[in-house]
Amino acid sequence: MRKRAQWIVVTAVAVGAIAAIAAVGVVIANQQHSTREADLRRFDQRAQISAALTQSLFGSLATLSTADLENRFGGTAGQLRGRIHHVMASTKAQATQTVSYVAVLDDQGRLLASGGATPRALGATRLGSDTTMTDVQPTAHGPAIGYIARFPLPDGGQRVLIEGVPVQTLRTWLNAYLAKLPNPDESELRLTDSNGRLLAHTLPPNAQQAAVGGDTVSTSVPVPTTDWRLRLTAPRSLALPSNQWLYWLPWVLLAALGASAVAALLLYRRLVRTASRERRAYAELDENRQQLAALVGVLEEIADCDSLTGLWNRRRFDRELGNQIARCRRLGESAALLILDVDGFKHINDTFGHSRGDEALRAIAHALTARLRETDGAARIGGDEFAVLLVGTAPDDARRLAGELSDELTAISRTEAQGLPVSMSVGVALLDAATADAAAAFDAADRDMYTDKARRQPALREQLPRQRFDADEPAIDFVAAPTPPLEGIIASPWV
């Protein structure tokens, strides 16, 4: 009776152990399957992110707004041919030709005007509402890719601008861009058009042997707003780390030898710890991402802002000035550069201290900002020297505003100086298509400012008979600097 009872107990324990081992095996198998599916989803998502980043490169190529496109390519067919001829002539002047043809179509896909080596099958190009790049098209100068930009017309119609980029040029850009994308699993990236023609191909050196002879996993995803596809291929051991099934074998053997309760407890404990580590890792990753975003914002503000006045600093102003000069040369816009200098500012610091001088600079910056439009910009480029960029301003308006600013800021400076004889000298440089570069603009504005300063010096010497007026400013040599040579006006190949 006792043996029977013992047999029953042993049988029950054995059955329980077998059931527990089977249950653990089922749990492990399900977890392996889920993990592998999750790895496959992450691998596919990484391919989609790479495709989206590739598409974002095309969006960054556009440098003209819808209004600019309408003004530039919204005229008659004759006007279009002249403007397209100008774009192609500017492109040929470059060392490396980045545009093989330019074509303008109506909303029905009919060709209105073109220039360069236009493909014969241009009319058959798919012009979906979201398409930005065409497939490879043969031209007289070799295969090219068409970059598509749409813009509306005042009468409610629409036009389509297509610029052809040589495939070799585009391949060089794309290879360099894809090589910079994050690649933790040493993946091979291949970019093809809808006909399977290769556009770009990157292969990390460490992944070459694995991609050729090893076990790999791959996925193909579409590139948004194009008919292209991006194929991602990586070694299976790197792309799917959960595929290492031997990692689980010792644990399964231990579970088979152990009691069902201990095996279940260990498995439960492992799953809980894994889930907890994942939650902590995700929380730390989110916190690090937020801290990084906040740090980037602070660094951008520090890099571009003057800490005393809140205006742009010299670095930001030089960048904005260079961009405006490029727009003037490319689009024929007009603008103006103003250089403002506080005459006699040293007397404020010497009389009231540097704190009062800082307050005067902040007051000048506040008044300067209040007079400017949202499209204009102001910067502090030196101790008591300011610069203003007036966008879309006629020459007469620029000089009128310079005189008004000189009077207003002189009054503010004298208020802050409590009667000390200070004034504001202003120099004006007009920016147009003939402006060579930022250095030439600064030289012209400086010369004009020093001319204004010289005009004010006699009056200041009468108010300070016992002081050396130029103690804090060097003597001025009004020898006209040679006019810098006019550089060639090169239009951007991307519109």
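Where a number appears in this text, it was derived from the coordinates with a stated rule and is not lab data. Just so it is clear, the model here is predicted, and its values are computed rather than measured. Note that each Cβ is placed from the backbone with ideal geometry, even for glycine, and that neighbours are counted across all protein chains shown.
Net charge near Arg371: determine it from the other residues with C-beta under 14 Å of the C-beta of Arg371, scoring Lys and Arg +1 and Asp and Glu -1.
Surrounding charge for Arg371 is -4.
Can you list the residues, at least 5 places off or on another chain, whose amide H is less than 5 Å from the amide H of Arg159, using H built in the peptide plane?
Phe151, Leu153
May I ask for the net charge around Ile84, where only other residues with Cβ less than 14 Å from the Cβ of Ile84 are counted and Lys, Arg are +1 while Asp, Glu are -1?
Here the charged neighbours net out to +4.
The range 366-424: which GluC sites (Glu not before Pro) are DSSP loop and have at most 16 other beta-carbon atoms within 10 angstrom?
Counting only loop positions with at most 16 other Cβ atoms within 10 Å, the GluC sites (Glu not before Pro) in the range 366-424 are Glu374.
How many nm is it between the label spots at Val272 and Lys180, if each spot is 7 Å from the Cα in line with the beta carbon?
In this crude spin-label approximation the distance works out to 4.8 nm.
Could you compute the net charge surrounding Gln31? Neighbours are other residues with a C-beta less than 11 Å from the C-beta of Gln31; K and R count +1, D and E count -1.
Result for the neighbourhood of Gln31: +1.
Can you compute the modelled spin-label distance between Glu301 and Arg110, with each label point 7 Å from Cα toward Cβ, in nm?
5.6 nm
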